[in-house]
1. Counting only other chains, and only Cβ atoms inside 10 Å, what mean value do you get across the residues of B:49-57?
2. Based on the alpha-carbon gyration tensor of the stretch B:1-49 and its eigenvalue square roots a ≥ b ≥ c, which shape applies: rounded if a/c is under 1.5, prolate if not and a/b is larger than b/c, or oblate?
3. Note the angle between two axes, namely the Cα long axis of helix B:19-31 and the longest principal axis of the Cα atoms of chain B, as a number of degrees from 0 to 90, rounded to the nearest 10.
4. Report the semi-axes of the equivalent ellipsoid for chain A in whole Å, largest first, where each axis is √(5λ) for an eigenvalue λ of the Cα gyration tensor.
5. Viscosity 1.002 mPa s, temperature 20 °C: what is the translational diffusion coefficient of the protein assembly as shown from Stokes-Einstein with a Kirkwood Rh over Cα pairs, rounded to a whole number of µm²/s?
6. Antiparallel DSSP bridges in the stretch A:2-110: what percent, to the nearest 5?
7. Evaluate peptide B:16-22: per residue, the Cβ atoms of other protein chains within 10 Å of its Cβ; return the mean as an integer.
8. Taking the Cα centre of each part, how many Å lie between the stretch B:124-144 and the stretch B:37-64?
């Protein structure tokens, strides 16, 4: 996972680079909560562009980070979610509380 | 129901979470003999990952145990069996309910069985408390192209 912090936008970006299963999720959970507590961002964005596998551990990871982001008054968004991953999110209903957003960096460059 | 078994494999491994990736990749590699689509392989990998993770987390919560994985290639179908000799499931119907989990503290979503049911064609769960659990799942692999007749 790569972590990018955009100070002026108060955005914390987590770019997942690994297969999101239970084994990896445990590690990401600790690191991401540490970063959220450290920066207390307004927006936390999770980038799934480089994720080529995810199981239900991904859902738990999102719900958990939704809670920790909320704790500091921030919101959680997802981006670059492919159809395979989207199908899993849709089954759980998690997209009702965590929206999919357009690519933050692209929007930043063009806008 | 005597289906013709074309090929079969078995693996046993410790209930360590690092083996989740090993398990799903092994089954995916084995299943490739049926010439599945990328979609079908993805469904199989996700389902195996769910079943194996369940055994690792729920069957052996405080100790290491053995998870057994068996896959069989039938004519146009793969059958996957994941079993353990762990704690067992008290109420299988309840365990299958979407979002139901006994491990919310571990950030489990309670979607494991729902995903297996959706991604595979058949799912059978057998469990005896104190003895273990066996999950059997089948998926039809559609023939996408004419396979050349290989003689091994």
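Throughout, read-outs are computed from the coordinates displayed, never taken from laboratory work. All values derive from a computational prediction rather than experimental measurement. Virtual Cβ from ideal backbone geometry, glycine too; neighbours counted across all protein chains shown.
1. 3
2. The shape class here is oblate.
3. The helix B:19-31 is inclined about 20 degrees to chain B.
4. Semi-axes from the Cα gyration tensor: 20, 16, 13 Å.
5. 109 µm²/s
6. Antiparallel: roughly 30 percent of the beta bridges in the stretch A:2-110.
7. Average per residue, whole number: 4.
8. Distance between centres, Cα-based: 11 Å.
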